[in-house]
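The structure appears right after this line, and notes come after that.
A short reminder: the numbers here are calculations on the coordinates, not readings from a lab. Predicted model, so just to flag it, every value in this text is computed and none were measured.
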Amino acid sequence: MRTEIPAWYCARTKPKHEYIAAANLRKNLNLEVFLPRLRMERVTQRGMVRVTEPLFPCYIFVRFVIEEMINEIRHANGISSLVHFGHKIPQVADRIIEELQECFEAEAPMDVENRLSPGDEVAVAGGAFVGMRAQVLRSLPAGKRVQVLLDILGRPTPVEVDRHSVVSARSSLADLVPIFAAQALCANLG
């Protein structure tokens, strides 16, 4: 009888089912699951809200012995498939998961700070200008207010608004990667 060593694999989940799939695999199959998440501000129809989203939407990492659990994983609630290339299901190197886990201690979401710099495009999420797009001119002392350039009545007009009433228009993961990388670098240096 041969015993295989567990390895990390990447599983594709159904859209918006990352949490369901991870919880199901942990609870029902007693497997180690890693789901790195980001916490950030996002503009919605209700205004600015804090959201928690997966770092890799529709993907989770699962550690198991493939020969023993492949069918259970494939048919688990929330799982669409295991990531594969042809008939090969590649392992994810332990060191890659370990490096990611160092950034996401205790599986807590990583806060992505929404830094604003002159020239950044923002969306106004509160106040009289809610829903409008603007360009940051400068951050004002103490970081509580920011001066933005709004198009009011067909003219660019500088306006001071509360810092928490604007959110960067950069909201996709691709836009956030430089911010995410800088935060991880600063954390490792500190």
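Counting only residues at least eight positions apart within a chain, or on another chain, the aspartates and glutamates with an alpha carbon under 18 Å from that of Lys27 are Glu18, Glu68, Glu72, Glu107.
Given all pairs of different Cα atoms, what value in angstroms does the Kirkwood hydrodynamic radius of the range 30-165 take?
Taking the inverse mean of 1/r over all distinct Cα pairs, the range 30-165 comes out at 18.6 Å.
Once you have a ≥ b ≥ c as the square roots of the Cα gyration tensor eigenvalues for the range 25-108, tell me rounded if a/c is under 1.5, and otherwise prolate or oblate according to whether a/b is larger than b/c. It is prolate, given that a/c is not under 1.5 and a/b is the larger ratio.
The range 7-41 and the range 127-146 have Cα centres spaced 37 Å apart. Between Ala108 and Arg26, the contour length at 0.36 nm per residue exceeds the Cα-Cα span by 27.9 nm.
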